[in-house]
Amino acid sequence: MNILILNGPNLNLLGEREPEVYGTMTLAQLNVQLAAYAKKKKASLRARQSNHEGELIDILHAHRKWADGIVFNPGAYSHYSYALRDAVASICVPTIEVHLSNIKKREPFRRISVIEPACVGQLYGKGSASYFTAIDRLLKKGSK
Ligand code: DQA
């Protein structure tokens with residue numbers, strides 16, 4: 001099973017960005033842990049990050065044939081990017097939206113995700129554990 005981990009804007013600054021909200025682990029450290037986890041589960045994993053909406057769309061399109069599942073943290077785009085929502089809906093790859101923080105208990109603008117309806121699930125508020133749980137859920141769904 002092939003899994004794409006896709007992170008959106010500002011997640012490249014994990015570890016230094018608002019550590020009281022997002023923790024102290026860097027994205028590189030998280031990706032190393034996710035790769036090890038996927039390997040143990042016999043899955044292939046690719047990790048990508050972009051701060052740009054169009055580039056995130058390009059990455060989703062480019063992986064549509066490769067990926068059997070996607071773990072996507074769209075960052076702030078979650079709350080308003082209909083283009084990303086359409087991209088997820090366009091590619092027919094089961095996608096789980098994840099957030100490190102509890103978006104339901106923060107500012108009102110974060111409580112809504114316009115991308116969620118195009119996803120097969122949404123996980124939030126458990127820090128990096130959300131990514132591992134998302135991988136488990138995708139693996140349970142099985143490969144194409
Ligand atoms: C986030 C939550 C978003 O509201 C925020 O804009 C982020 C990170 C999270 O992982 O908790 O960039 O997606």
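Would the range 26-33 turn up any residue that is away from the ligand (no atom under 12 Å from the Cβ), surrounded by 20 or more Cβ atoms within 10 Å (Cβ to Cβ) and either assigned to a loop (DSSP other than H, G, I, E, B) or at pLDDT below 95 (or both)?
no
Considering V114, V71, V93, V98, which residue is more than 19 Å from Y131 (Cα to Cα) and not in a helix (DSSP H, G or I)?
Details: V71 fails: more than 19 Å from Y131 (Cα to Cα); V93 fails: more than 19 Å from Y131 (Cα to Cα); V98 fails: more than 19 Å from Y131 (Cα to Cα).
So the residue among V114, V71, V93, V98 that is more than 19 Å from Y131 (Cα to Cα) and not in a helix (DSSP H, G or I) is V114.
Which condition does K104 not pass, out of (1) assigned to a helix (DSSP H, G or I); (2) in contact with a Phe, Trp or Tyr (Cβ under 9 Å, 6 or more places away or on another chain); (3) surrounded by 20 or more Cβ atoms within 10 Å (Cβ to Cβ), if it passes all the others?
(3) is the only condition that K104 fails.
Show the residue pairs that are 6+ apart or on different chains and have beta-carbon atoms under 6 Å apart, the first residue being within the range 68-92 and of a type in the set (K, R), the second being surrounded by fewer than 19 Cβ atoms within 10 Å (Cβ to Cβ) and in a loop (DSSP other than H, G, I, E, B).
Listed pairs, sorted by first residue: R85/V114.
Read through the list (1) without any contact (Cβ under 8 Å) to a residue 24 or more places away in the chain; (2) more than 23 Å from G127 (Cβ to Cβ), then give the number of the only condition that K40 fails.
Looking at each condition in turn, K40 falls short on (2).
I need a count of the residues in the range 80-111 that are over 12 Å from the mean Cα position of the chain (by Cα) and either at pLDDT below 95 or within 10 Å of the ligand (Cβ to nearest atom) (or both).
9
The values are calculated or read from the model by the stated rules, or taken from the named source; none is laboratory data. What you see is a predicted model; the values in this text were computed from it and never measured. Positions of Cβ are generated from backbone atoms using ideal geometry, with glycine treated the same way; all protein chains shown enter the neighbour counts.
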